[in-house]
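The values are calculated or read from the model by the stated rules, or taken from the named source; none is laboratory data. Remember, predicted model here, so these are calculated numbers, not experimental data. All Cβ positions, even for glycine, are placed from backbone atoms using ideal geometry, and neighbour counts span all protein chains on display.
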Amino acid sequence: MLMKRIISICRVSRKGLRLLLILTLSTWVPFVSCGELPCRPEDPSCSESSFLTLWSLLAPDYALYYGNSLDLGFYRMDLEEQTPVNLFTTANAVERLGFNSTGQTLWFISNNGRDLSRVMPDDGNVTFLKNYPSADYWGMHVLEDRNEIYLAENGSGDLQRTDLQGNNVSNLVTPGTPGGLDIDTGDDQIYLLANNEIHRYNLDGSGYTLLVGGPTTGHDLEIEQSQQTMYWVDFPNGELRSANLDGTNNQLILAGLNGPRGLALDPTSDYIYYCNTGDQEIGRVRENGTNNTILRSNVGCADIDITQY
């Protein structure tokens, strides 16, 4: 949790003050970076250090992104201010999200899992890429540096790969009813909810490993590489769960949800954000299951994601 603690200290949403701070600090501590700032023994909370408070202006802001099927809007909500901003509208509800590593470009699935589109969220100009008439995509992950999109096609049961334009579709493996997926870019391995289980594969579909047995039918799964942990939402059982990346230590974090379909990990804290689709809510809870809070109501969300902006 050290990296999360430092990041949470080294951020603030008041972007307009950063330039002044850069000019000030450039002659003060030119060889120190935000990631190198430790918590001082005499200041264990790190919250009263004026230097860290100022330096936090240099860190990126993070926001939660989601589509709302009730008004077909696509929204950004700053994690600190928690005020949603409608960035653009779509012809069909946004169902699955896949950002590039910088958060500047988004690929998304809509139209009941059949359409692939791309957009730069801040300018709102949506580019339609591809229609897959018989598809029902439940999960996606973008690896922009490899020119690849990984897709979980629930209808055919295939884990697929395309290029960034949605062309050159190839079937990697057929695990049966695949859903949410995430990729560990450090180890080049895919973690996939499929066939009421959690599987792991190499990027070419080989190396099948069963990690977690059923029942666990999920639309979204996220991994936290630094903690070697994965999180997922169990749709029919209404649960948010976690386990180690090797499948051990399977734990319940939150129960009593109504058809959850999306989750996102906050890189600045230990909060997990979730889309409680059946109750049209977005909430958050700590990784240990405490402080469960509903943030937005009347939101027809199917997926959520957190990235810098």
Does I304 fit the bill of being of a type in the set (V, I, T), under 20 Å from I223 (Cα atoms), crowded, with 17+ Cβ neighbours inside 10 Å and without any contact (Cβ under 8 Å) to a residue 60 or more places away in the chain? no
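Test L203 against the stated conditions and say whether it is in the same structural domain as A255 (by TED's automatic domain parsing), crowded, with 18+ Cβ neighbours inside 10 Å and at pLDDT 95 or above.
On the way: in the same structural domain as A255 (by TED's automatic domain parsing): yes; crowded, with 18+ Cβ neighbours inside 10 Å: yes; at pLDDT 95 or above: yes.
So L203 fits the description; yes.
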Just checking, how many residues over segment 198-214 are more than 22 Å from R146 (Cα to Cα) and touching a Lys or Arg at 6+ places or on another chain (Cβ under 9 Å)? 4
Please determine, by comparing only the residues of segment 208-225 that are closer than 16 Å to P267 by Cα and hydrophobic (A, V, I, L, M, F, W, C), which one is surrounded by the most Cβ atoms within 10 Å (Cβ to Cβ). L221
Any pair with Cβ under 8 angstrom, 6 or more apart, that starts in segment 120-135 at a residue that is closer than 13 Å to G166 by Cα and at pLDDT 95 or above and ends at one that is among the hydrophobic types (A, V, I, L, M, F, W, C) and in a loop (DSSP other than H, G, I, E, B): Y132/V169
Starting from segment 180-197, keep only residues that are assigned by TED's automatic domain parsing to the domain that holds N100 and part of a loop (DSSP other than H, G, I, E, B), then list their pairs with residues that are of a type in the set (A, V, I, L, M, F, W, C) and at pLDDT 95 or above whose Cβ atoms are within a distance under 9 Å, requiring at least 6 positions of separation or different chains. T185/L143; D187/L245; D188/L203
Quick check, is R261 crowded, with 22+ Cβ neighbours inside 10 Å, closer than 21 Å to G176 by Cα and either among the basic types (K, R) or in contact with a Ser or Thr (Cβ under 6 Å, 6 or more places away or on another chain) (or both)? yes
Can you tell me which residue is nearest to A152 (Cα to Cα) among those in segment 86-109 that are in contact (Cβ under 8 Å) with a residue 40 or more places away in the chain and of a type in the set (G, A, S)? G98
Among Q160, Q82, which is the only one that is assigned to a loop (DSSP other than H, G, I, E, B) and either at pLDDT 95 or above or surrounded by fewer than 16 Cβ atoms within 10 Å (Cβ to Cβ) (or both)? Q82
